[in-house]
């Protein structure tokens, strides 16, 4: 999570939007706060990849650093 924290720290200083960072609270609490806070930016990892529903304008952009799939050349 080091890369995510570094990016969060840099971006949160450069933008005028509230930010949330995975690991600073329970997953459910972060999602609830994200849903309630207009223009919020959530930094999270693959545990937020599935089972997250944020309808409407609140979720307007998703940036994926790395897809959470196994490398195809990795033997099973």
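What follows draws every value from the coordinates through simple rules; no lab data is involved. Keep in mind the model is a prediction, meaning the values are calculated, not measured. Reconstructed Cβ throughout: ideal geometry from the backbone, glycine too, with neighbour counts over all protein chains shown.
Normalised size of region 2-58, defined as Cα radius of gyration per 2.2 N^0.38 Å with N residues, equals 1.10.
Take every Cα pair under 8 Å whose residues are at least 6 apart in sequence, average their separation, divide by the length of the chain, and the relative contact order is 26 percent. If I fit a long axis through the Cα atoms of helix 2-14 and take the longest principal axis of the Cα atoms of the chain, what angle between them do I get, 0 to 90°, rounded to 10? Around 30 degrees separate the two axes. For the chain, take the longest principal axis of its alpha carbons; what is the angle in degrees between that and the long axis of helix 27-36, to the nearest 10 within 0 to 90? Its long axis makes an angle of about 40 degrees. Residue exposure proxy: 33, 57, ordered by other Cβ atoms within 10 angstrom of their Cβ from fewest to most, comes out as 57, 33. From its DSSP helices (H runs of at least four residues, each -39,500 (n - 2.57)), the chain gives a residue-normalised ellipticity at 222 nm of -9500 deg cm²/dmol. Once the Cβ-Cβ distance of residue 53 and residue 9 is raised to the sixth power relative to R0 = 30 Å, the FRET efficiency obtained is 0.60. Structure remark: mean-square fluctuation, Gaussian network model of the chain, C-alpha springs under 10 Å; the largest value among 62, 41, 54 belongs to 62.
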